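The values are calculated or read from the model by the stated rules, or taken from the named source; none is laboratory data. Small disclaimer: the values here were computed from a predicted structure and weren't measured. When we count neighbours, we look across all protein chains shown, and the Cβ atoms used for this are built from the backbone with ideal geometry, even at glycine. These accessible areas exclude ligands, DNA and RNA; they are computed on the full protein's heavy atoms, side chains included. Shrake-Rupley method; radii C 1.70, N 1.55, O 1.52, S 1.80 Å.
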Amino acid sequence: MGALTLRLPSLSSLFIPPCISSRSPAILRRHHRRLQPTIRFSTRSTAASTPTSTNDNSKSKSQEKAITPRSQDFNAWYLDIISNAELADYGPVRGTMVIRPYGYAIWESIQEYLNIKFKETGHSNMYFPQLIPYSFIEKEASHVEGFSPELAVVTIGGGKELEEKLVVRPTSETIVNHMFTQWIHSHRDLPLMINQWANVTRWEMRTKPFVRTLEFLWQEGHTAHATPEEAEKEALQMIDVYIKFAYEQAAIPVIAGRKSKVETFAGADRTYTIEAMMGDRKALQAGTSHNLGQNFSRAFNTQFTDEHGQRQHVWQTSWAISTRFVGGIIMTHGDDAGLMLPPRVAPIQVVIVPIWKKEEEKSGVLDAAIAAYEVLKSAGIKVKVDDSEQRTPGWKFNFWEMKGVPIRMEIGPRDVLNKSVVISRRDIPGKQGKVFGVSMEPDVLVSYVKDKLEEIQASLLSMAVSFRDSNIVDVTSYNELKAAISDGKWARGPWSGSDKDELKVKEETGATIRCFPFEQSPGTKTCLMTGNPAEEVAIFAKSY
């Protein structure tokens, strides 16, 4: 098979060093903080930190530098966590990343939940080609206008100039419609509801690991319906799936709503979104669902014969969540010690650290650790025993804290004698989060651990809700909006302004309308910009 040569837009920009700033393409920067497997965090002094081996190298220089505090430099903190928690690394092509096993395991947790929900709601998984004829992109005018600056285009294949340029998939509405046209003939073929898990390429100029990269992973659902009502119901059903995932699994209290016309997906009639507040109070668009109307079906002539024998264009939706949700989890819950993972998405929910001083204590402690491991594993808990002898227990405590594991279980010689364990919660630092003397009796241990995992899940959501609500300001005038945005907060206020008014807000404050929330108070209000009547409030914020 011949090699494919990519001719990409703005190729010269690849050689321009990006500036260093909070909005700079962080993943592209080759500065001294390389995402290599060095571990950087401060080592705590603890009575349990007795070496398990004389070959300990825990005092290496890589541990002497703590991660950047969140309050000091949020972007540097975020990059340090990705490096130290071993989530991702730089790819050889500027703007790309390699997702490491631990980072991918978080993505797998997201996949596992959503896959079940998609199938429960009648969708089937399939796969479409990554290469799309350029003519497909051109068929829907607003679609090509919206995506043209981000396209990666293949012009040579097998050493020869291609007769038609090919686009590396930026999204799949066009190729999906091409195939739907061949599969849909009658109303009996509807609804047609599919999903694919795939990679996407968008030539981003400003990148940030997980949040915005040249290539990323996602799921994209596509459906075709006989009526506009069915399509609208589907679009709302899928945003509801995303809302429940965000709250119940990721412990992220998103605000769901409708995008403004300016922010609507290119080629859609309406876009619904879930917006999440990150730890720096910027908004993250965490998932979207689009009612495409008949825009693509008319462009591709995707028709069916209805019950009356009339030819009709189908009504469509598309919806997606990507690996940027991993970034959202980091930026919502992480602290200065590292990741803090909600138990329901954590690859490891419990880590067991056996501790011994004397060789004659080793076997008894390890046997107890393995027994606890088997008990928890058989109960469906994701558990790991860290019995490595090259690091001290204190080093392990810091390491697994950095990785965001919700519960740490310590077992030492005294615990073996007492048939008990020590439990520490990741969400409650220090002695307050530590409980001694938890019984090793299987039923008691399983019940205790499961209860604590649920408490941690609820605690993380509660903290995120409190943070979000304390940083949203209700405004009634443009001056109040500007003041709120200047203070780094979200502004919520009545809006009936024009597209031009919306763009003015963006130009003058850097904030955009994140959504018109589904939850609206009744009654007519006064637009904060124009003074005209307004039926809805909108949320404004700076965003990723």
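Every residue in region 349-379 that is part of a loop (DSSP other than H, G, I, E, B), in contact with a Gly (Cβ under 9 Å, 6 or more places away or on another chain) and among the aliphatic types (A, V, I, L, M), please.
Ile355
Against the definition (in contact with a Ser or Thr (Cβ under 8 Å, 6 or more places away or on another chain), at pLDDT 95 or above and in a helix (DSSP H, G or I)), how does Ala246 come out, yes or no?
Answer is no for this residue.
What are the pairs, 6+ residues apart or on separate chains, where a residue within region 444-463 that is over 15 Å from Gly433 (Cβ atoms) and open to solvent by less than 30 Å² (accessible area, probe 1.4 Å) has its Cβ under 9 Å from a residue that is of a type in the set (Ser, Thr, Tyr) and in a helix (DSSP H, G or I)?
Within 9 Å, the pairs are Val446/Ser378.
Restricting to region 249-265, name every residue that is open to solvent by less than 20 Å² (accessible area, probe 1.4 Å) and either acidic (Asp, Glu) or at pLDDT below 95 (or both). Working first, answer last.
Of the residues in region 249-265, the ones open to solvent by less than 20 Å² (accessible area, probe 1.4 Å) are 250-254, 256-257, 259-260.
Hits for region 249-265: nothing passes.
Considering only region 169-200, state which residues are in contact with an Asp or Glu (Cβ under 7 Å, 6 or more places away or on another chain), in contact (Cβ under 8 Å) with a residue 12 or more places away in the chain and more than 25 Å from Val241 (Cα to Cα).
His187
For Glu275, work out the one condition from (1) over 21 Å from Gly510 (Cα atoms); (2) assigned to a strand (DSSP E or B); (3) touching a Leu at 6+ places or on another chain (Cβ under 8 Å) it doesn't fulfil.
(1)
I'm checking my understanding of the structure. Among residues of region 105-145 that are within 24 Å of Thr174 (Cβ to Cβ) and acidic (Asp, Glu), which one is modelled with the highest pLDDT?
Glu138
Filter region 131-151 for residues that are outside any loop (DSSP other than H, G, I, E, B) and in contact with a strand residue (DSSP E or B) (Cβ under 7 Å, 6 or more places away or on another chain); which is most open to solvent (accessible area, probe 1.4 Å)?
Restricting to residues being outside any loop (DSSP other than H, G, I, E, B) and in contact with a strand residue (DSSP E or B) (Cβ under 7 Å, 6 or more places away or on another chain), the top hit is Leu131.
For region 461-482, enumerate the residues that are assigned to a loop (DSSP other than H, G, I, E, B) and under 27 Å from the mean Cα position of the chain (by Cα).
Ser470, Asn471
For Glu229, which of the numbered conditions (1) part of a helix (DSSP H, G or I); (2) surrounded by 22 or more Cβ atoms within 10 Å (Cβ to Cβ) fails to hold?
So the condition that Glu229 fails would be (2).
Considering region 301-328 alone, what residues qualify as being farther than 24 Å from Ile110 by Cβ, open to solvent by less than 20 Å² (accessible area, probe 1.4 Å) and out of contact with any Asp or Glu (no Cβ under 7 Å at 6 or more places or on another chain)?
Once the filter is applied, which keeps residues that are farther than 24 Å from Ile110 by Cβ, open to solvent by less than 20 Å² (accessible area, probe 1.4 Å) and out of contact with any Asp or Glu (no Cβ under 7 Å at 6 or more places or on another chain), region 301-328 yields Thr302, Val314, Gln316.
Looking at this structure, is Ala276 among the aliphatic types (A, V, I, L, M) and surrounded by fewer than 24 Cβ atoms within 10 Å (Cβ to Cβ)?
In short, no.
Pairs only if they're at least six apart or on different chains, beta carbon under 6 angstrom, first in region 483-506 and under 18 Å from Asp280 (Cα atoms) and assigned to a loop (DSSP other than H, G, I, E, B), second at pLDDT 95 or above and not hydrophobic (A, V, I, L, M, F, W, C); list them, first residue then second.
Between residues of region 483-506 that are under 18 Å from Asp280 (Cα atoms) and assigned to a loop (DSSP other than H, G, I, E, B) and residues that are at pLDDT 95 or above and not hydrophobic (A, V, I, L, M, F, W, C), the close pairs are Gly488/Arg281; Lys489/Asn471.
Quick test for you: out of Glu204, Glu220, Glu215, pick the one residue that is of a type in the set (D, E, K, R), surrounded by 18 or more Cβ atoms within 10 Å (Cβ to Cβ), farther than 30 Å from Trp495 by Cα and more than 17 Å from the chain's Cα centre (by Cα).
Going through Glu204, Glu220, Glu215 in turn, just one is of a type in the set (D, E, K, R), surrounded by 18 or more Cβ atoms within 10 Å (Cβ to Cβ), farther than 30 Å from Trp495 by Cα and more than 17 Å from the chain's Cα centre (by Cα): Glu204.
Could you tell me which residue of region 152-168 is nearest to Val200 (Cα to Cα), considering only residues that are in contact (Cβ under 8 Å) with a residue 60 or more places away in the chain and open to solvent by less than 40 Å² (accessible area, probe 1.4 Å)?
The selected residue is Val168.
Quick one: Val422 ticks every box in (1) without any contact (Cβ under 8 Å) to a residue 40 or more places away in the chain; (2) farther than 26 Å from Pro342 by Cα; (3) of a type in the set (Val, Ile, Thr) except a single one, so which number is it?
Here Val422 meets the rest and fails (2).
Tell me, yes or no, whether region 508-528 has at least one residue that is loosely packed, with under 13 Cβ neighbours inside 10 Å and touching a Lys or Arg at 6+ places or on another chain (Cβ under 9 Å).
yes
May I ask you to verify whether Glu441 is over 23 Å from the mean Cα position of the chain (by Cα), in contact (Cβ under 8 Å) with a residue 12 or more places away in the chain and within 30 Å of Ile411 (Cβ to Cβ)?
Yes; evaluated as a whole, the condition is true for this residue.
From Leu376, Leu339, which residue is in contact with a His (Cβ under 9 Å, 6 or more places away or on another chain) and either at pLDDT 95 or above or open to solvent by less than 20 Å² (accessible area, probe 1.4 Å) (or both)?
Going through Leu376, Leu339 in turn, the sole match is Leu339.
Being open to solvent by less than 30 Å² (accessible area, probe 1.4 Å), closer than 19 Å to Thr121 by Cβ and not β-branched (Val, Ile, Thr) is the filter here, so list the residues in region 181-201 that pass it.
Leu190, Asn195, Gln196 - these are the residues of region 181-201 that are open to solvent by less than 30 Å² (accessible area, probe 1.4 Å), closer than 19 Å to Thr121 by Cβ and not β-branched (Val, Ile, Thr).
Give me the pairs: first residue in region 361-384 and free of Cβ contacts under 8 Å to residues at least 12 places away in the same chain, second residue part of a helix (DSSP H, G or I) and open to solvent by less than 40 Å² (accessible area, probe 1.4 Å), beta-carbon distance under 9 Å, and six or more apart or on different chains, which are they?
Going by the 9 Å Cβ cut-off, the qualifying pairs are Ser378/Val446.
Any idea which residue in region 529-544 is most open to solvent (accessible area, probe 1.4 Å), counting only those that are within 13 Å of Thr476 (Cα to Cα) and in a loop (DSSP other than H, G, I, E, B)?
Looking at the filtered set, the residue picked out is Asn532.
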